[in-house]
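Here the structure comes first, spelled out in structure tokens, and everything after it is commentary.
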Amino acid sequence: MSAREEILGRIRTALKDNPEAPQIPRQYRQTSPLDESALIELLVDRLVDYKAQVSVVDAAGVPARIAELLAGAHSYVVPTGIDAGWLTGLDQGSGDSRRRLDSTAAPLSVAELDGIDAVVTGSAVAVAETGTIILDGSPNQGRRAISLVPDHHICVVKAADIAGILPEALRRIDGTRPLTMISGPSATSDIELERVEGVHGPRKLDVIIAR
């Protein structure tokens, strides 16, 4: 008998005479009553409180806003599945020489990512109540590393992808995927409550909400 089998056997023996655990009622909120305009307003309020920069634009205005945010960047990375239409404001004939493409087939190294100024990604879903953006590694978001290593993250959130509360958001995604939950720029505090940004991820977060 292996150690694992012995341990599990002892647990089964200890539980043999015990009644089944009572079912816990799940009475927490499942949905939010807010409409799209109210969801956008709440998400913006939460993100700004977390010191993120937020822009609310029409879908057609996304390329111009991304171009504005990348105006001072010497380089930026995008995942292979990024919406090509979002980058039209950056292309000049043959494209943008500052752009690096990251893929699972040809991933950039951590050192390469560390030398890149910014990253542009989409998002899977956002939670208005908590000001949280969730990435799930889909093609328009890419590997987790590209959203954590560059110092500036530009993230596009579609208005239709904003959920009011977390239970509502979790029903829209696959929980087995590699999820990254973002609530503002990376920040931490020491024992004296001195805020330090950029320790565990991007120091600057720009969110573009596309209506």
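Please work out the FRET efficiency for the pair residue 80 and residue 35, using the Cβ-Cβ distance as r and a Förster radius of 30 Å; give the result to the nearest 0.05.
Given R0 = 30 Å and the Cβ-Cβ separation, E is 0.30.
Assign unit charges at the C-beta atoms only (+1 for Lys and Arg, -1 for Asp and Glu), then state the dipole size of the chain relative to its Cα centre in Debye, rounded to the nearest 20. The partial results should precede the final answer.
Working: 22 positive and 29 negative charges, 114 e Å.
The calculation lands at about 540 debye.
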Table column - 3J(HN,Hα) (Hz), the stretch 108-115, Karplus curve with 6.51, -1.76, 1.60, x for Gly and Pro: 6, 6, 4, 5, 5, 5, 5, x
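In percent, how large is the relative contact order of the stretch 31-210, given Cα pairs closer than 8 Å and 6 or more residues apart? The partial results should precede the final answer.
Numbers: 371 pairs, mean separation 53.2, N = 180.
Rounded, it is 30 percent for the stretch 31-210.
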Long-range amide H partners of residue 77 with built H, under 5 Å: 100, 118, 119, 120
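What does the helix-only formula give at 222 nm for the chain: each DSSP H stretch with n ≥ 4 adding -39500 (n - 2.57), the total divided by the residues, and the result rounded to the nearest 500 deg cm²/dmol?
Working: 6 runs with 50 residues, N = 211.
One gets -6500 deg cm²/dmol as the mean residue ellipticity at 222 nm.
What number, in nm² with one decimal, is the all-direction average of the projected area of the convex hull of the alpha-carbon atoms of the stretch 167-211? It would help to have the intermediate numbers written out before the result.
Details: hull surface 20.6 nm².
About 5.1 nm², averaged over all directions.
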Surface accessible to a 1.4 Å probe, residue 11 within the full protein complex, Å²: 80 Å²
For the stretch 108-206, the Rg and Dmax computed from alpha carbons only, in angstrom: 13.9, 41
GNM flexibility winner over the chain from 117, 151, 17 (Cα, springs under 10 Å): 17
Karplus-derived HN-Hα couplings along the stretch 162-177 (A = 6.51, B = -1.76, C = 1.60, θ = phi - 60°), whole Hz, x at Gly and Pro: 8, 9, x, 9, 4, x, 5, 5, 5, 6, 8, 10, 8, x, 8, 7
Within the stretch 185-205, backbone nitrogen closer than 12 Å to the virtual label 7 Å beyond the Cα of residue 109 toward Cβ: none
For the chain, built as a Gaussian network whose Cα springs stay under 10 Å, the top-fluctuating residue of 111, 128, 145: 111
Under-5 Å amide H pairs with residue 124, H placed in peptide plane, nonlocal only: 134, 135, 136
Between the stretch 19-35 and the stretch 43-85, the Cα center-to-center distance that results, in Å: 36 Å
Accessible area of residue 211 in the full protein assembly, 1.4 Å probe (Å², nearest 10): 140 Å²
For the stretch 25-118, Kirkwood radius (reciprocal of mean inverse C-alpha pair distance, Å): 16.3 Å
Sites residue 195 and residue 160 - FRET efficiency at Förster radius 35 Å, r taken between beta-carbons, to 0.05: 0.55
Of every Cα-Cα pair in the chain, the percent that sits beyond 30 Å: 34 percent
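The values are calculated or read from the model by the stated rules, or taken from the named source; none is laboratory data. Remember, predicted model here, so these are calculated numbers, not experimental data. For neighbour counting, all protein chains shown are included, and Cβ atoms are generated from backbone atoms with ideal geometry for every residue, glycine included. Heads up: the accessible areas ignore ligands, DNA and RNA and are worked out on the full protein's heavy atoms, side chains in. Shrake-Rupley method; radii C 1.70, N 1.55, O 1.52, S 1.80 Å.
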